[in-house]
1. Could you tell me the distance between the Cα centroids of the range 403-465 and the range 261-305, to the nearest Å?
2. Express the relative contact order of the chain as a whole percentage, based on alpha carbon pairs under 8 Å and six or more residues apart in sequence.
3. Quick one: what does P(r) look like for the chain with 20 Å bins over all Cα pairs, in whole %?
4. In whole Hz, with x marking every Gly and Pro, tabulate ³J(HN,Hα) for the range 145-162 from phi via Karplus 6.51 cos²θ - 1.76 cosθ + 1.60, θ = phi - 60°.
5. So how much slack lies between ASP147 and MET312, counting 0.36 nm per residue of separation and subtracting their Cα-Cα distance, in nm?
6. Given the pairs LYS46/LYS236; LYS46/LYS180; LYS109/LYS331; LYS44/LYS93; LYS155/LYS402; LYS236/LYS264, which span a C-alpha to C-alpha distance of over 27 angstrom in this model?
7. What is the calculated FRET efficiency for GLU406 to HIS95, with r their C-beta to C-beta distance and R₀ = 41 Å, to the nearest 0.05?
8. Where does the longest stretch of the chain lie that holds no GluC sites (Glu not before Pro) found in a DSSP loop with 14 or fewer other Cβ atoms within 10 Å?
Amino acid sequence: MCGIVGIVDAGDASVPLYYALYALQHRGQESAGISTFDGLRFYKHKGQGLVGEVFNEEVLSGLRGFIGVGHVRYPTTGADLPENVQPFNFRFKDHFFSIAHNGNLVNTKELRAEFEQLGEIFSTTTDTEVIASVIAHEYRRSNNIEDAIVLCMRKLRGSYAVVLLLDDTIYAFRDPLGIKPLCYGTFGEDHHIVASESVAIDAIGGTLTRDVAPGEILTIDRNGVSSTQITACSNKAHCIFEYIYFARADSVIEGRLVYDIRRKIGAYLYEEDPISADLVSPVPDSGTSLAIGYAEQSHIPYREALMKNRYMGRTFIKPSQKDRETATRIKLNPIRDHIRGRSVILIDDSIVRGTTSRHIVEMMREAGAAQVHVRIGSPPIIAPCYLGVDMPTREELIASDKDVEEVRESISATSLHHISLESLVEAIGIDIGELCIGCLSGQYPLTIEGESCFCRNIDFVKGSFQVGLESF
Ligand code: AMP
C-alpha cells in the first residue's frame, strides 16, 4: 500500500510530481519523497508526514529538473523509520539511481542473504532496497539496464509496481501478475506520467492512456516512450482489495471506474438480501459509493447517519482509553436526528478486526437507532495479505475463526450480510482467475511459505518494440 509516480516534463517536474502525490495521498500517509534530475545534477527531498507537510514552495523550487519520481508510503514491510522513506537514492559508477516501489516481496529474506553473500550492503529493512540492489548488481555486470531489470524480475517473488529513475530516463515496470496497479498517461504537450492510479493523472490535467501491462517495462525519456514485454502469464492476479477499498473511487483501473464497481456492489448487496429500513447510510468515507448503489437499487432513502471530520491529523496521539474515546468522537459524529427511533442500514467496505463495526453499531444504538443492519462490500476476510495490503494476522482477523452469525453477535448488529464472492467478481467485471483473492480464500497466486497456492505460470518472453504515442 504505497503510491508511486514518475514524470517527464518540459519544465520542472517537481510541481506536477507534488500534485500527483497529493492525489495519491490515500495510498500512504507515513512519508513522502521526490527525486529529480536536470541533466547534470540530482535533487532529492523526502520526509515523514503527509505530502503537504513534507513539501513546501521553497523545497519544490529547489527540486530542479525535467524528470523525476515520487512516492507516498504506508509501511507494510520495514519499520516506520526515517531511513525507510522512499524513493531510495543510490549512486554507482557515474550514475544516479532513484527507485520507488509499491508492493511487497515474499522472498526478501532469501534475496538479501543471496546478495549479502555477493558483497552487497543493505542499510534498510525494506524489500525496495533489495529490488534496487538486485538491479544495481545486475547492471554492474551487464551494463544494460533493461537486461538488469529482466534478471531482477526473474528473481523477485511478490507484488511490485516500480518507477526507477536512472539519470535522464524512467523505467516503469509491473510484476508479471499485475498485482498492484500502475498506469500511463500524458499531459501538456507530450509530457509523460506513470502513476499508481489515474487520479494522479487527472490531478495534473492529463489524460489516462492505458495501464502498464503486467510484466511490461515502459522506458520514458524526453524522446518518448518505448515498451518491452518481459513476461507472459497464464493468468494475472490483480488485487481485489484495490476495487473493494484501497483505490480512490474516481480512479479507472483496468479500464473500469472504481466508483461504478462499488455502486454495483451496493446494488448486489440489496439484491442478495433485500430488507426494508428507514434509511441507508455509509460508514464514511469508504462506504459512500456502496451505499449510493444500495439506495438506488432498494429505493430506501440515502441519508448519512454519521459525519466524518476530514481534518483529523495523522499525528493525533491516543495514549489512554479516555483519549481514544475522545479521538473517535472527534473523528465520527452520529447525526442523532437521522437515527433516533429508525431502522438503519449501515454500509462499509470491509470488516477486518471488527473494531470499526462494533464501535459504529454501538454509536448508532446510543443515538437511539431501533435497528442496525450492517452490510459489507466484501466477503469475510479470512486470511492475511502478503502482497502489499496492510492486514493483520489470522489471529486478529475476526472472520478467520468466526462465522457470519458469530461476527454479527460480536458487533451487536441486528443483521449482517457480506457480498458473495460471485457478486463481487461480477461487479468488478474481471474473471475470478485474473484476480488475487488471497485475503478472501486463503489461496494465493504465488508460492508463499506455509500457505496454499493457486499458482500462475510465468514465461519470460523478452521482446522489445518501439511505440509511438498513437499506438498506446
Ligand atoms: P476493522 O476496524 O479492523 O474491522 O477495519 C475495518 C475498517 O477499516 C473498515 O471501515 C475499512 O474501511 C477500513 N480498512 C479496511 N482495510 C484497511 C486497511 N488495510 N488499512 C486501513 N483501513 C482499512
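1. 23
2. Working: 1103 pairs, mean separation 62.6, N = 472.
Relative contact order, the chain: 13 percent.
3. The percentages, shortest bin first, are 24, 54, 21, 1.
4. Residue by residue, the range 145-162 yields 5, 5, 4, 5, 5, 4, 4, 5, 4, 5, 8, 7, 10, x, 10, 7, 10, 10 Hz.
5. Gain in length upon complete extension: 54.8 nm.
6. Working: LYS46/LYS236 33 Å; LYS46/LYS180 23 Å; LYS109/LYS331 39 Å; LYS44/LYS93 19 Å; LYS155/LYS402 38 Å; LYS236/LYS264 23 Å.
The pairs that break the limit, which is 27 Å between Cα atoms, are LYS46/LYS236; LYS109/LYS331; LYS155/LYS402.
7. Details: r = 57 Å, r/R0 = 1.39.
After rounding to 0.05, the efficiency reads 0.10.
8. That gives 190-448 as the longest site-free run.
We did not get these values from a lab; they are worked out from the coordinates using the rules stated. Just so it is clear, the structure is predicted and the values come from calculations on it, not from any experiment. Neighbour counts are summed over all protein chains in view; Cβ atoms, including those assigned to glycine, are modelled from backbone coordinates with ideal geometry.
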